[in-house]
Amino acid sequence: MSTVQPSPTVGYGSMRRKEDPRFVRGQGRYIDDLKLPGMLHGAVLRSPLAHARIISIDTAAAAAHPKVKAVITGADLAGLGLAWMPTMSQDTQAVLATDKVRFQGQEVAFVVAEDRYSARDALELIDVEYEELPVVIDARKALDADAPIIRDDKEGQTSNHIFDWEAGDSEETDRVFAAADVVVARDIIYPRCHPAPLETCGAVAQMDPVMGKLTLWTTTQAPHAHRTVYALVAGLPEHKIRIIPGDIGGGFGNKVPVYPGYVCAIVGSILTGKPVKWMEDRSENLLSTGFARDYIMHGEIAATSDGTITGLRVTTTADHGAFNATAQPTKYPAGFFHIFSGSYDLQAAHCKVTGVYTNKAPGGVAYRCSFRVTEAVYLVERMVDALALELKLDPAQLRLKNFIRPEQFPYQCKTGWTYDSGEYERAMRLAMEIAGYDDLRREQAEKRARGELMGIGIAFFTETVGAGPRKDMDILGLAMNDGADLRVHPTGKAVLGISAMSQGQGHETTFAQIVSEELGIPSADIEVVNGDTDRTPYGLGTYGSRSTPVSGAATALVARKVRERARLIAAGMLEASPDDLEWERGRWFVKGDPEQGSTIQEIAMAAHGAGDLPEGVEGMLEDTCVYNPPNLTFPFGAYICVVDIDPGTAKVVVRRFVAVDDCGVRINPMIVEGQIHGGLAEGVGIALMELIAFDEQGNCLGGSFMDYLIPTALEVPEWELGATVTPSPHHPIGAKGVGESPTVGSPPAIVNAIIDALHDSHGVDHIDMPCTPGRVWDAMQGRAEPPQ
Amino acid sequence: MQVTVTINGEERSADVEPRTLLVHFIRDDLDLTGTHWGCDTSNCGACVVLFDGEPLKSCTMLAATAAGHEITTVEGLAAGGELDPVQQGFIECHGQQIGFCTPGMLLTARALLDANPDPSEHEIREAISGQICRCTGYSNIVKAVRWAAENAPATTTTTTTTTGA
Ligand code: FES
């Protein structure tokens with residue numbers, strides 16, 4: 001599958017990545033690799049308590065440390081108007097705490113010193129006196145009358161309530177439920193987990209006092225949006241801010257927000273006149289940066305007795321932590337959770353989500369997810385399996401019976417989405433064929449008879465990705481559109497600037513292939529620039545599987561604009577009317593006379609050359625484009641998982657995992673498959689081991705890689721992939737985006753498999769993630785508890 | 001204190017604090033930033049180097065302890081500019097995405113192949129199980145190491161020329 005391929009020189013297909021020669025030589029350019037003359041090092045003092053009033057902060061001893069250049073507290077920032085910053089969700093977040101600390105690990109002070117060890121030493125010298133306050137850890141109790149109010153900094157905030165949000169028709173849904181033969185309910189938790197990219201977050205800030213220009217090398221998935229935020233927060237002129245992400249060592253949503261450490265590094269550089277590097281350690285990353293999920297859901301599914309699903313409803317408590325820093329489009333405080341009716345043709349659906357503050361780290365980032373699609377898919381796929389158990393139906397057959405049919409697309413779902421295209425049954429049947437579904441069921445029956453625990457789990461997902469149309473969505477008032485700049489040089493080599501920012505997705509390769517496909521220029525002759533805000537067009541960055549759906553579309557369209565310009569120039573060269581020319585990849589030629597033509601390289605030279613151009617045609621061969629998607633795209637897939645559970649230890653082994661993904665047209669199948677592999681492994685992690693838990697005092701119990709477990713090569717199987725291709729009808733190249741599908745689809749497949757293994761023998765009809773041996777064992781003994 | 005090591009065949013020396021971790025010595029003092037750092041607890045393996053030929057998490061050792069020893073980092077893998085088969089394998093099989101765990105994986109793979117030129121899939125998984133890759137789901141890393149096993153030096157000279165597509 002994804003091993004060595006004959007590399008296409010032009011257009012789509014699996015080809016080696018342009019990025020890899022530097023990575024295999026250790027020449028990636030990550031933030032912590034940067035060393036500037038005179039560079040100082042910053043470190044953040046963090047709160048040991050989850051909720052406490054700050055009585056005093058004494059920084060004298062730290063400031064007296066011989067290698068310390070500056071100590072910054074919230075009071076110092078308040079003097080600059082920088083103690084608070086806006087979040088991506090219309091809330092505010094403390095940069096350095098002034099009044100209270102509201103979660104363990106919150107930023108309290110910032111030290112700048114000559115080297116990283118001294119900066120850490122100096123943190124020990126800062127004396128903070130706290131007055132402890134009662135904490136709110138369980139989101140279910142956040143709205144109790146006696147719950148302490150976390151955000152007393154906000155005027156008019158008299159509880160821990162953030163928002164209520166609904167989608168769908170509740171009356172119609174109630175009517176459908178009242179008429180149903182069967183209603184099945186489940187309490188389902190999608191626990192708090194963390195993207196934990198291997199590279200933590202960090203920045204090097206360099207303020208040039210002479211030119212007044214700030215350069216910020218930083219781990220950001222959204223460099224342009226960050227630039228705008230800094231301009232708004234710090235009042236710096238936006239043209240005097242340059243963001244350079246370099247190579248990012250993994251993001252998965254964790255590197256979307258602006259973190260206090262970045263702002264502190266900037267302030268540190270302004271105050272000292274020197275470049276300041278701030279690089280968090282692993283514990284800081286897990287304790288304080290964007291977590292994911294933390295949805296407590298009550299789901300109900302309604303059906304007829306023969307298994308026609310008629311309705312779905314869910315109420316959710318969403319734990320947003322101490323500041324509402326969820327990254328998502330403004331209009332949708334629960335993200336795209338309202339895709340929760342999934343891949344099924346229902347009569348009615350309704351969801352209600354209530355967001356609350358707790359004394360936990362802020363975030364709610366989309367960990368390899370398009371804005372809560374992961375929670376939505378988990379809910380519906382668990383509910384469908386619960387219904388299958390109730391009706392004693394095969395979960396594959398139940399899904400096949402209820403799928404939206406191909407002829408129903410574009411499909412208007414009951415919560416407001418218009419699904420673009422889908423052939424669900426085809427994907428499902430392919431997954432069953434690859435898995436050998438009937439044989440697996442036979443094997444399972446034999447094993448059951450011997451007392452062995454084997455489970456087969458299915459999940460079928462539909463995602464909504466590629467945000468998004470400017471009429472529907474924005475972040476901080478910024479339209480979620482992306483730009484692309486394409487310049488073809490005289491010799492026919494090209495440079496493409498994009499606003500998406502790669503974190504391993506291989507944009508330098510894939511986006512060159514898009515241009516190559518459209519213009520016929522070999523991919524090797526196309527350089528892709530991403531990240532650096534001085535060199536790339538404006539756009540909102542890479543998350544929510546939006547690179548290919550949005551920036552990919554912008555790239556195809558700008559290449560087509562250049563192709564049209566080339567046509568006019570070719571018409572002059574060939575002394576023909578533009579209408580009489582025909583395109584074949586890489587060349588315009590005269591219709592009916594294929595010998596008479598000009599290659600794109602010849603046209604590029606003519607475009608820059610000394611000779612005359614046709615009347616009204618601008619010289620050079622370049623253009624720009626901004627893409628405003630008319631709709632989101634709706635990738636889908638069918639996943640089948642086989643688990644074995646040790647009856648003595650309750651250890652779950654994922655023996656097989658079959659993933660059939662339909663992400664529309666695939667530009668570089670090798671890269672697509674690599675994305676799927678990686679997301680599946682993260683799904684295994686979420687389902688089996690990843691958890692950010694807290695004790696009753698609000699101490700984080702997942703603050704290191706000793707506690708926050710990530711799968712190694714021994715915990716994941718050899719992936720078995722399949723593909724169907726249903727192009728998106730509105731996307732210029734029919735692509736839909738894929739990066740997040742596997743993380744969305746795999747957890748419910750794994751959990752469904754575990755329940756399938758344990759239901760007959762142990763009566764288990766529900767278990768919450770993560771399915772660690774201890775938690776599975778408890779479920780087998782009939783005493784399963786929620787994880788938090 | 002002055003610490004001298006032989007790194008990638010070259011004798012290098014720097015004046016460091018006694019508490020300096022080997023990983024910081026390599027990155028900050030010797031400027032070999034291909035060796036990465038990803039955790040505080042010796043779990044991730046982004047910092048793996050070869051220490052007298054054996055894989056070592058360089059965050060678990062003080063620079064002072066390493067004095068006088070031989071270290072190979074990723075920068076030392078491509079002898080004379082020619083990629084090691086494990087490096088080529090990672091390119092051929094899409095064995096990396098962000099490239100952050102790659103240097104550590106490459107060095108472990110090299111040590112594995114030195115000891116066992118024809119490892120099974122399970123032996124490869126076992127060998128890299130002290131290291132985390134957050135991107136690839138491991139399958140392609142396993143394939144990349146197999147590729148290196150199957151393309152031992154005699155045959156790699158021709159393939160390295162195709163690097164970089
Ligand atoms: S840095 Fe994680 S194991 Fe050394």
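The values are calculated or read from the model by the stated rules, or taken from the named source; none is laboratory data. All of these numbers come straight from a predicted model, not from anything done at the bench. Note: ideal-geometry Cβ built from the backbone for every residue, glycine included; neighbour counts use all protein chains shown. Note: areas computed on protein heavy atoms with side chains; ligands, DNA, RNA excluded. Shrake-Rupley method; radii C 1.70, N 1.55, O 1.52, S 1.80 Å.
Name every residue in the stretch A:643-693 that is under 26 Å from A:Ser547 (Cα atoms) and more than 13 Å from chain B (Cβ to nearest Cβ), in order of residue number. Reasoning before the result, please.
Initial filter on the stretch A:643-693 (under 26 Å from A:Ser547 (Cα atoms)): A:658-686.
Matches in the stretch A:643-693: A:Val658, A:Val660, A:Asp661, A:Asp662, A:Cys663, A:Gly664, A:Val665, A:Arg666, A:Ile667.
So how many residues does the stretch A:756-785 have that are outside any loop (DSSP other than H, G, I, E, B) and open to solvent by less than 10 Å² (accessible area, probe 1.4 Å)?
Qualifying residue count for the region: 4.
How many residues, within the stretch A:32-61, are touching an Asp or Glu at 6+ places or on another chain (Cβ under 8 Å) and not polar (S, T, N, Q)?
Qualifying residue count, the stretch A:32-61: 16.
Looking at A:Val643, is it surrounded by fewer than 24 Cβ atoms within 10 Å (Cβ to Cβ) and among the β-branched types (Val, Ile, Thr)?
Answer is no for this residue.
Filter the stretch B:29-38 down to residues that are within 14 Å of the ligand (Cβ to nearest atom) and free of Cβ contacts under 8 Å to residues at least 40 places away in the same chain and give me whichever is nearest to the other protein chains (Cβ to nearest Cβ). So that I can check it myself, show each step before the final result.
Our first condition is that a residue be within 14 Å of the ligand (Cβ to nearest atom); within the stretch B:29-38, this holds for B:33-38.
So of that shortlist, the ones also free of Cβ contacts under 8 Å to residues at least 40 places away in the same chain come out as B:33, B:37.
Values: B:Thr33: 4, B:Trp37: 7 Å.
Among those that are within 14 Å of the ligand (Cβ to nearest atom) and free of Cβ contacts under 8 Å to residues at least 40 places away in the same chain, it is B:Thr33.
Just checking, which of A:Asp146, A:Asp169, A:Asp138 is surrounded by fewer than 20 Cβ atoms within 10 Å (Cβ to Cβ), among the charged types (D, E, K, R), at pLDDT 95 or above and within 26 Å of A:Leu287 (Cα to Cα)?
One residue alone meets the criteria, A:Asp138.
Consider B:Glu92 carefully, then state whether it is at negative phi, outside the structural domain of B:Arg146 (by TED's automatic domain parsing) and away from the ligand (no atom under 14 Å from the Cβ). Reasoning before the result, please.
Values: at negative phi: yes; outside the structural domain of B:Arg146 (by TED's automatic domain parsing): no; away from the ligand (no atom under 14 Å from the Cβ): yes.
Answer is no for this residue.
Identify all residues within the stretch B:111-127 that are closer than 20 Å to B:Ser58 by Cβ, away from chain A (no Cβ under 11 Å) and open to solvent by less than 40 Å² (accessible area, probe 1.4 Å); write none if there are none.
B:Ala111, B:Leu112
Taking the stretch B:40-62 as the region of interest, how many residues are more than 14 Å from the ligand (Cβ to nearest atom) and either of a type in the set (A, V, I, L, M, F, W, C) or surrounded by 20 or more Cβ atoms within 10 Å (Cβ to Cβ) (or both)?
Looking only at that region, the number is 1.
For the stretch A:596-619, enumerate the residues that are at pLDDT 95 or above and open to solvent by 80 Å² or more (accessible area, probe 1.4 Å).
A:Gln596, A:Glu602, A:Met605
Is one or more of the residues making up the stretch B:83-94 farther than 19 Å from A:Pro21 by Cα and facing chain A (nearest Cβ under 10 Å)? It would help to see each step written out before you state the result.
At the first step, the residues of the stretch B:83-94 found to be farther than 19 Å from A:Pro21 by Cα are none.
No.
Quick check on A:Gly250: is it more than 24 Å from A:Asp474 (Cα to Cα), within 16 Å of the chain's Cα centre (by Cα) and touching a residue at least 24 places away in the same chain (Cβ under 8 Å)? Write out each step before concluding.
Values: more than 24 Å from A:Asp474 (Cα to Cα): yes; within 16 Å of the chain's Cα centre (by Cα): yes; touching a residue at least 24 places away in the same chain (Cβ under 8 Å): yes.
Answer is yes for this residue.
Taking the condition of being over 21 Å from A:Asp394 (Cβ atoms) and touching a Gly at 6+ places or on another chain (Cβ under 6 Å), how many residues in the stretch A:405-439 meet it?
3
Might you let me know whether the stretch A:227-236 holds any residue that is at pLDDT below 95 and assigned to a loop (DSSP other than H, G, I, E, B)?
yes
Look through the stretch A:489-510, keep the residues that are away from chain B (no Cβ under 14 Å) and of a type outside the set (A, V, I, L, M), and return whichever of them is surrounded by the fewest Cβ atoms within 10 Å (Cβ to Cβ).
Among residues in the stretch A:489-510 that are away from chain B (no Cβ under 14 Å) and of a type outside the set (A, V, I, L, M), the one surrounded by the fewest Cβ atoms within 10 Å (Cβ to Cβ) is A:Thr491.
Could you name every one of the strands (runs of 3 or more DSSP E) located completely within the stretch A:1-90 that has at least 1 residues being modelled with pLDDT under 95 and open to solvent by 20 Å² or more (accessible area, probe 1.4 Å)?
Hits in the stretch A:1-90: A:84-86.
Kindly provide the set of residues from the stretch A:646-668 that are under 19 Å from A:Val776 (Cα atoms), open to solvent by less than 40 Å² (accessible area, probe 1.4 Å) and in contact with a strand residue (DSSP E or B) (Cβ under 8 Å, 6 or more places away or on another chain), ordered by number.
Hits for the stretch A:646-668 are A:Val652, A:Val654.
When you go through (1) closer than 24 Å to A:Ala723 by Cα; (2) of a type in the set (S, T, N, Q); (3) open to solvent by 10 Å² or more (accessible area, probe 1.4 Å) one by one for A:Thr415, which number turns out not to apply?
(1)
Select from the stretch B:114-130 the residues that are touching a residue at least 24 places away in the same chain (Cβ under 8 Å), out of contact with any helix residue (DSSP H, G or I) (no Cβ under 6 Å at 6 or more places or on another chain) and part of a helix (DSSP H, G or I) and list them in ascending order.
B:Asp114, the sole residue that qualifies.
Residues in the stretch B:1-19: is at least one within 16 Å of the ligand (Cβ to nearest atom), at pLDDT 95 or above and of a type in the set (Val, Ile, Thr)?
No: the stretch B:1-19 contains no residue that is within 16 Å of the ligand (Cβ to nearest atom), at pLDDT 95 or above and of a type in the set (Val, Ile, Thr).
Which count do you get for residues in the stretch A:704-733 that are in contact (Cβ under 8 Å) with a residue 60 or more places away in the chain, buried (at least 24 other Cβ atoms within 10 Å of the Cβ) and within 16 Å of the ligand (Cβ to nearest atom)?
Residues meeting the conditions: 1.
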